[in-house]
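Have a look at the structure below before the remarks.
The values are calculated or read from the model by the stated rules, or taken from the named source; none is laboratory data. Note that the structure is predicted; figures quoted are calculated from it, not measured. Note: ideal-geometry Cβ built from the backbone for every residue, glycine included; neighbour counts use all protein chains shown.
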Amino acid sequence: MTKPLDLTLAALADPTRRAILQRLSHGEARVTELAAPFSISLNSVSKHIRILERARLVRRRRAGREHLLSLEQKPLDEAAAWMAGQRNIWNARLDVLEALLEAEDVATQPKT
Amino acid sequence: MNSPKTVTIKVSRRFRASPERVFDAWLDPAKARLFLFAMPTGQVVRADIDARVGGRFLIVDRRDGEDVDHEGEYLEIDRPRHIRFKFWVPKYSKHFSRVSIDIIAVDGGCELTLTHEDVLPDYAEKTPKGWNMILDELAKLFT
């Protein structure tokens, strides 16, 4: 089973999909509206949208004959939180290193 | 979809110490055992460092009576500017990631940039999410 975070990161790895998300961050849109700025076919835009839906980054709702797509923020927040957690692990290690070196400075300072 | 997606993590830090002192800390077993891979709930019971290109390191952290090996190999060493190593935790995964340390002198001290490449989210999720604990532990150790 693929983990949600893997799906999110895989979905975000493509510039077209990031551009689609960017557009959706301004609000709901139709598939045709999303496809308009791209030189690629409607079919391949749909493929990108399906990947985004699988990663639960995009939600689809039907209004009459139209499909409206909107951004789902939660997986993005989770990915960002995971990245922040990874950075914090290293930051904590660098905190210890900094404290170590400063403790050395104190120990070697000439007493006045 | 099966190809593992990896992530790059980057952090920077200014130190008041010289580039040489900050650089040497990464390759000095006595210091590395205190800051590198030490988990707050664990205790580093072994730190072997063969500080040359192609040399290996082994840092063993004991967590709840269980030993967790952190193995690595130095890919580049250029004192006092640059270290690059790959490392893996055999207990959790065969996957290895790469860490680069870049140090530049800035007035009276230095700035270190750490780049951790090829971080696998799948594996990382299994590592303790306890960076809060790390920070708490730090406060205890260095007050």
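Of everything in segment B:6-52 that's in contact with a helix residue (DSSP H, G or I) (Cβ under 9 Å, 6 or more places away or on another chain), exposed (fewer than 15 other Cβ atoms within 10 Å of the Cβ) and part of a loop (DSSP other than H, G, I, E, B), which residue is nearest to the other protein chains (Cβ to nearest Cβ)? Once the filter is applied, the top-ranked residue is B:ARG16. For first residues located in segment A:15-28 and closer than 13 Å to A:LEU76 by Cβ and in contact (Cβ under 8 Å) with a residue 12 or more places away in the chain, partners that are in a loop (DSSP other than H, G, I, E, B) and charged (D, E, K, R) and lie 6+ apart or on another chain with Cβ distances below 7 Å do not occur.
Within segment B:47-67, the set of residues being of a type in the set (A, V, I, L, M, F, W, C) and at pLDDT below 90 is empty. Looking only at segment B:104-131, count how many residues are of a type in the set (A, V, I, L, M), more than 17 Å from A:ASP95 (Cβ to Cβ) and either modelled with pLDDT under 90 or surrounded by 13 or more Cβ atoms within 10 Å (Cβ to Cβ) (or both). Residues that pass the stated criteria total 4.
Within segment A:30-55, the residues that satisfy the criterion of being outside any helix (DSSP H, G or I) and either within 16 Å of A:ASP14 (Cβ to Cβ) or at pLDDT 95 or above (or both) are A:PRO37, A:PHE38, A:SER39, A:ILE40, A:SER41, A:ALA55.
Quick test for you: out of A:ARG56, A:ARG93, pick the one residue that is under 19 Å from the mean Cα position of the chain (by Cα), closer than 30 Å to B:HIS116 by Cα and among the basic types (Lys, Arg). Checking each option against the conditions leaves just A:ARG56. Number of residues in segment A:79-112 that are within 14 Å of B:LEU112 (Cβ to Cβ) and either exposed (fewer than 14 other Cβ atoms within 10 Å of the Cβ) or at pLDDT below 85 (or both): the value is 0.
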